[in-house]
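Chemist: Let me begin by handing over the structure; questions about it come next.
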Amino acid sequence: MVTRRSAGILLFRRAPDGPEVLLGHMGGPFWERRDAGAWSVPKGEYGDDETPWDAARREFREELGLPAPAGEPLPLGEVVQSGGKHVVVWAVEGDLDPADMVPGTFTMEWPRGSGRTAEFPELDRAAWFGLAAARAVIVRAQAAFLDRLAEQV
């Protein structure tokens, strides 16, 4: 069995009430009416031909359509999501306007079994969240990254 691996960057900024993080709402029909558990660190899969850090920077650009932040990366470690995917994340301090996002897209058969394909954004929106609000919406396993960030900043 091949282990699926993803890498991502958790962009954060300092605010008067504590750190805020940038999360992306997963795109596609499965996620469009969901909120809790439908937000994620911008991340994506990588293979043996790419380092996790390089993949994290590439995926940030692909998912948000914006350059990866240039700040100092803070390693937040790895988690294993419920589907078995191993996710490694770095926090980087920076700021961006979510309205500037130009998401990458993917194609899938929709509706399932119809034989028709449709294109969907990888992330249909992005937003800044305080850590408590982020915990309420982020993919369950990824909440560990919020805790690790809080310990470091």
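The values are calculated or read from the model by the stated rules, or taken from the named source; none is laboratory data. The model shown is predicted, which means the values in this text are computed figures rather than measured ones. For neighbour counting, all protein chains shown are included, and Cβ atoms are generated from backbone atoms with ideal geometry for every residue, glycine included. When the accessible area is computed, the model is the full protein with side chains, heavy atoms only, and any ligands, DNA or RNA have been set aside. Shrake-Rupley method; radii C 1.70, N 1.55, O 1.52, S 1.80 Å.
Chemist: Suppose R0 equals 25 Å. What FRET efficiency, 1/(1 + (r/R0)^6) with r the Cβ-Cβ distance, do Asp48 and Phe106 give to the nearest 0.05?
Modeler: The computed FRET efficiency comes out at 0.65.
Chemist: Where in the range 114-153 is the amide nitrogen less than 13 Å from a point lying 7 Å along the Cα-to-Cβ axis of Leu74?
Modeler: 131, 145-153
Chemist: At a 1.4 Å probe radius, carbon and sulfur cover how many percent of the accessible area of the chain?
Modeler: Details: 4110 of 8210 Å².
The C+S portion of the solvent-accessible surface of the chain is 50 percent.
Chemist: I've got another one for you. Please say if the range 66-116 is rounded, prolate or oblate, where rounded means a/c under 1.5 for a ≥ b ≥ c the square roots of the C-alpha gyration tensor eigenvalues, and otherwise the choice is prolate for a/b larger than b/c and oblate otherwise?
Modeler: It is oblate, given that a/c is not under 1.5 and a/b is not larger than b/c.
Chemist: Oh, and also: For the range 20-107, compute Rh as the Kirkwood radius over C-alpha pairs and then the Stokes-Einstein diffusion coefficient at 20 °C and 1.002 mPa s; write the answer in µm²/s, rounded to an integer.
Modeler: Stokes-Einstein gives a translational diffusion coefficient of 152 µm²/s.
Chemist: Please report the Cα spread of the range 73-153 along all three principal axes, rounded to whole Å, starting with the longest.
Modeler: 48, 32, 23
Chemist: If packing is taken as the average count of other Cβ atoms within 10 Å, what order do 29-36, 42-49, 107-114 fall into, highest mean first?
Modeler: 42-49, 29-36, 107-114
Chemist: How would the range 97-140 be classified by its alpha-carbon gyration tensor: rounded, prolate or oblate, with rounded meaning a/c under 1.5 and the a/b versus b/c comparison settling the rest?
Modeler: It comes out oblate by the Cα gyration axes.
Chemist: Then there's this: So, R0 is 30 Å and r is the distance between the beta-carbons of Gln81 and Ser114; what FRET efficiency does that work out to, to 0.05? Spell out each step's value before the answer.
Modeler: Values: r = 29 Å, r/R0 = 0.95.
After rounding, the FRET efficiency stands at 0.55.
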